Structures are given as C-alpha cells and as structure tokens.
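Some notes on the structure that comes next.
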C-alpha cells in the first residue's frame, strides 16, 4: 500500500517536498483551495476522501481520533520548536518504522517525540 500524507498548516510545506523526494505521495494543506484557512474538519474530510495520513503538531487531531475514531490516520509530532533540518533528520531516522506501522492499514495513530515513537 502506498502511503499518502497530508501535512498540516503549522508544519513547513518543505516537509511535503521532503516526503515526495522519498517517493511518497504528499501534499500540504496550502495546496488546497482554502490554504492555511482550511479548518480541522475540512482537513479530516480531505484525509478521509484521499486516504491520507495527517502529519500534524496539533493535538486536537489526537482528541478527534481518541474520542470519535477519526481521522483514520494521524502522525502527531510532539517535538517542540525544532529546525526543519532536525525534523527531516528525525523523520529519516524513523521512516522505516513509520512505513511499516502504516503498511497494513491506515486506521492508526502514531506520536513521534525526539527520542521515541509511540504506537496506538
């Protein structure tokens, strides 16, 4: 199964480009008509319709997932303020675990911290 990502507004658009260079189908919220004004509910709808994993720093998506069971897949980054180069290095380090976690189905939730991954 090809992984498809949707990068949330508060993360850099260069993250989507980073993922594309690694062969993933990735888009950023700014690529959609409302851009940075796209609401969380609209982001969830896009992710569901396009079967994308939402990459976000916004813990509201965790609440949606735990309370309502959607969006179907979230990769929550709990990293604080870090440089883009640090973010990319961290994702590169964990990419094999990320891809194998989402490989079978995308109804999953994952938290990435600077030193570990937490699987749900």
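Annotation note: Cβ proximity below 8 Å between a residue of the range 81-101 that is farther than 17 Å from residue 13 by Cα and a residue that is in a loop (DSSP other than H, G, I, E, B) and modelled with pLDDT of 95 or more (sequence gap 6+ or interchain) occurs for 95/22.
Among the numbered conditions (1) within 14 Å of the chain's Cα centre (by Cα); (2) loosely packed, with under 11 Cβ neighbours inside 10 Å, the only one that residue 72 does not meet is (2). Just one of the listed residues (55, 30) is within 12 Å of the chain's Cα centre (by Cα) and closer than 17 Å to residue 84 by Cβ, namely 55. When the range 41-77 is filtered for residues that are touching a strand residue (DSSP E or B) at 6+ places or on another chain (Cβ under 9 Å), part of a helix (DSSP H, G or I) and over 20 Å from residue 17 (Cα atoms), the ones remaining, listed by number, are 44, 61, 62, 64, 65, 66.
Results for (1) closer than 19 Å to residue 4 by Cβ; (2) within 14 Å of the chain's Cα centre (by Cα); (3) crowded, with 22+ Cβ neighbours inside 10 Å; (4) without any contact (Cβ under 8 Å) to a residue 40 or more places away in the chain, shown as yes or no for each residue.
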site: 38; (1), (2), (3), (4): yes, no, no, yes
site: 48; (1), (2), (3), (4): yes, yes, no, yes
site: 51; (1), (2), (3), (4): yes, yes, no, no
site: 59; (1), (2), (3), (4): no, yes, no, yes
site: 62; (1), (2), (3), (4): no, yes, no, no
site: 79; (1), (2), (3), (4): no, yes, no, yes
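On the basis of being part of a helix (DSSP H, G or I) and at pLDDT 95 or above, does residue 27 make the cut? So residue 27 does not fit the description; no. Among the residues of the range 98-120, the one identified as part of a helix (DSSP H, G or I) and surrounded by fewer than 13 Cβ atoms within 10 Å (Cβ to Cβ) is 100. Identify the residue in the range 1-24 that is assigned to a helix (DSSP H, G or I) and out of contact with any strand residue (DSSP E or B) (no Cβ under 6 Å at 6 or more places or on another chain) and, among all such residues, is surrounded by the fewest Cβ atoms within 10 Å (Cβ to Cβ). Out of the qualifying residues, it is 21.
The values are calculated or read from the model by the stated rules, or taken from the named source; none is laboratory data. Remember, it's a predicted structure, so these values are computed and weren't measured experimentally. Don't worry about glycine lacking a Cβ; one is built from the backbone with ideal geometry, like all the others, and counts go over all protein chains shown.
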